[in-house]
Amino acid sequence: MIRDVVIHLLNEQPLVADLSAMPLPGDLTLHCTNLRTMSRKRPVFVDDLASTIIVPFAQIRFLEIPTESPAGSETEQALALAASVPEDLELDEELLRRVREL
């Protein structure tokens, strides 16, 4: 269980939730429980905090996963996998310029 993951949704305030496992690169949805606001209160759109909430990744900007979580080894594996990008990969300078302008 990965506790206190901060979910940054598109055009919404961040939410805090617990995940059963690290999301994988091929996942389309995020499965979480104990969804709450940053002030640790129940959001108005959630009836029961014990419910499993499924959020499409298309609605998520990014996730903040705490490093001190019990599943830290899974987090380290995911970061190691992301760091194993081939070095011969060319950067698109035009794309980088547009991202910086945002």
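The values are calculated or read from the model by the stated rules, or taken from the named source; none is laboratory data. Owing to the predicted nature of the structure, the values given are computational and were not obtained by experimental measurement. Methodologically, a virtual Cβ is constructed for each residue, glycine included, from the backbone with ideal geometry; neighbour enumeration extends over all protein chains shown.
Only a single criterion out of (1) farther than 15 Å from residue 4 by Cβ; (2) hydrophobic (A, V, I, L, M, F, W, C); (3) at pLDDT below 80 is not satisfied by residue 60, namely (3). Identify all residues within segment 26-50 that are assigned to a loop (DSSP other than H, G, I, E, B) and in contact with a Leu (Cβ under 8 Å, 6 or more places away or on another chain); write none if there are none. Across segment 26-50, the qualifying residues are 38, 42, 43, 46, 49.
Considering segment 24-35 alone, what residues qualify as being of a type in the set (D, E, K, R) and surrounded by 14 or more Cβ atoms within 10 Å (Cβ to Cβ)? None - no residue of segment 24-35 is of a type in the set (D, E, K, R) and surrounded by 14 or more Cβ atoms within 10 Å (Cβ to Cβ), so the list stays empty. Residue-level analysis places residue 55 among those that are under 12 Å from the mean Cα position of the chain (by Cα), free of Cβ contacts under 8 Å to residues at least 60 places away in the same chain and surrounded by 10 or more Cβ atoms within 10 Å (Cβ to Cβ). Within segment 3-14, can one find any residue that is polar (S, T, N, Q) and under 24 Å from residue 102 (Cα atoms)? Yes: one or more hits. Pairs are defined by a Cβ separation below 9 Å, a sequence spacing of at least 6 or placement on different chains, a first member in segment 15-43 that is closer than 12 Å to residue 55 by Cα, and a second member that is assigned to a strand (DSSP E or B) and among the small types (Gly, Ala, Ser); the pairs so defined are 30/17; 32/17; 33/17; 35/17.
Name the one entry in 21, 17 that is in a loop (DSSP other than H, G, I, E, B) and surrounded by 11 or more Cβ atoms within 10 Å (Cβ to Cβ). Within the list 21, 17, the selection yields 21.
Pick out the one residue from 35, 24, 30 that is of a type outside the set (Gly, Ala, Ser) and under 10 Å from the mean Cα position of the chain (by Cα). Result: 30 is the single residue among 35, 24, 30 that is of a type outside the set (Gly, Ala, Ser) and under 10 Å from the mean Cα position of the chain (by Cα).
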